[in-house]
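**Q** Have a look at the structure that comes next, please.
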Amino acid sequence: MLSSAFLSGSPPAPIPIVAKAATVAPVIVTEVRPAAPPEPVRRVVQAYDFETPPPAELFSNSIVPRPGAAEEGNRYCLKGDFSKEYDVQAVSWHNWQKPLFAFTENEELEFDYYLTKAAPWANCSLTDAPNYGLLLESHSPGKWLHARLRLSDFSRTQVGGEIPPTSGTSVHCVVIQCPAIPGAEIYVDNLKLTSKDADPRGSAGNSAPR
């Protein structure tokens with residue numbers, strides 16, 4: 001039915017429009033941090049995985065099956081020998097005829113090690129005259145551990161404090177050891193020396209870079 005206003009010719013009253021408040025999405029501010037630069041690929045200078053016998057003049061320790069869980073392609077390692085003179089179990093990489101390498105601050109030693117019993121300490125030393133040492137952080141027994149040691153962190157103690165090796169210092173022997181306590185044995189695998197410097201001479205050893 002038509003309204004009286006329409007029939008009388010008067011326009012209908014306008015329907016009021018109520019504006020709705022706009023919905024505002026909350027602004028979430030997050031801190032954008034730049035991504036850390038990727039670590040440069042390190043050149044492998046020397047590497048030994050002991051899957052094939054290494055040069056006899058460099059290692060005198062026995063090659064034995066790896067303790068713990070077996071891994072495909074990684075079955076053998078070096079077993080530490082007892083040194084009565086120093087009362088330690090030790091694995092050594094040595095060459096008394098010529099240096100294994102000369103110290104530079106850009107180089108690192110890496111290796112896996114396994115202790116059969118908790119030890120009060122374990123360390124790695126660069127043996128020459130004098131010796132430089134570095135304690136290994138973990139002594140947890142019964143599992144494979146990985147060490148990555150910067151040569152610049154090694155030091156020897158003398159009057160005046162800790163003295164690092166100087167650039168060019170010859171290293172004839174690397175020793176990885178723990179005290180010879182009953183039941184304690186040490187095993188070492190995947191030993192390598194790396195550098196962040198490019199070198200066209202390539203690498204040495206009996207293993208591929210890991």
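The values are calculated or read from the model by the stated rules, or taken from the named source; none is laboratory data. Keep in mind it's a predicted model, so treat the numbers as computed, not measured. Counting neighbours? That spans all protein chains shown, and the Cβs are built from the backbone with ideal geometry, glycine included.
**Q** Any residue at all in segment 192-208 that is at pLDDT 95 or above, aliphatic (A, V, I, L, M) and surrounded by 14 or more Cβ atoms within 10 Å (Cβ to Cβ)?
**A** yes
**Q** Of all the strands (runs of 3 or more DSSP E) wholly in segment 36-103, which have at least 1 residues that are more than 26 Å from Asp197 (Cα to Cα)?
**A** On the way: elements: 43-48, 62-65, 76-79, 81-83, 88-94.
Because the criterion is at least 1 residues that are more than 26 Å from Asp197 (Cα to Cα), the strands (runs of 3 or more DSSP E) in segment 36-103 that meet it are 62-65, 76-79, 81-83, 88-94.
**Q** Also: If Ser155 satisfies every condition in (1) without any contact (Cβ under 8 Å) to a residue 40 or more places away in the chain; (2) surrounded by 14 or more Cβ atoms within 10 Å (Cβ to Cβ); (3) touching a Ser or Thr at 6+ places or on another chain (Cβ under 8 Å) but one, which is the exception?
**A** (3)
**Q** Further, regarding this structure: With the checklist (1) in contact with a strand residue (DSSP E or B) (Cβ under 7 Å, 6 or more places away or on another chain); (2) surrounded by fewer than 17 Cβ atoms within 10 Å (Cβ to Cβ) in hand, flag the one item Pro165 doesn't pass.
**A** (2)
**Q** Okay, next question. Which residue pairs have Cβ atoms closer than 7 Å, lie 6 or more positions apart in sequence or on different chains, and pair a first residue in segment 176-200 that is outside any loop (DSSP other than H, G, I, E, B) and of a type in the set (Asp, Glu) with a second residue that is surrounded by fewer than 21 Cβ atoms within 10 Å (Cβ to Cβ) and modelled with pLDDT of 90 or more?
**A** Asp189/Arg66; Asp189/Asp112
**Q** I need a count of the residues in segment 137-152 that are in contact (Cβ under 8 Å) with a residue 24 or more places away in the chain and part of a loop (DSSP other than H, G, I, E, B). I'd like the intermediate steps shown before the answer.
**A** In the first step, residues of segment 137-152 are kept if they are in contact (Cβ under 8 Å) with a residue 24 or more places away in the chain; the result is 139-152.
If we keep only those that are part of a loop (DSSP other than H, G, I, E, B) too, we end up with 139-143.
Count: 5.
**Q** Let me ask something else about it. Which of the residues spanning segment 143-165 are at pLDDT 85 or above, out of contact with any Pro (no Cβ under 9 Å at 6 or more places or on another chain) and of a type outside the set (A, V, I, L, M, F, W, C)?
**A** Lys143, His146, Arg148, Arg150
**Q** Name the residues in segment 116-139 that are of a type in the set (Val, Ile, Thr) and at pLDDT below 90, would you?
**A** Within segment 116-139, the subset of a type in the set (Val, Ile, Thr) is 116, 127.
Hit for segment 116-139 is Thr127, nothing else.
**Q** Determine which single condition Ser138 fails, assuming it passes every other condition in (1) surrounded by fewer than 16 Cβ atoms within 10 Å (Cβ to Cβ); (2) of a type in the set (Gly, Ala, Ser); (3) touching an Asp or Glu at 6+ places or on another chain (Cβ under 7 Å).
**A** Single failed check for Ser138: (3).
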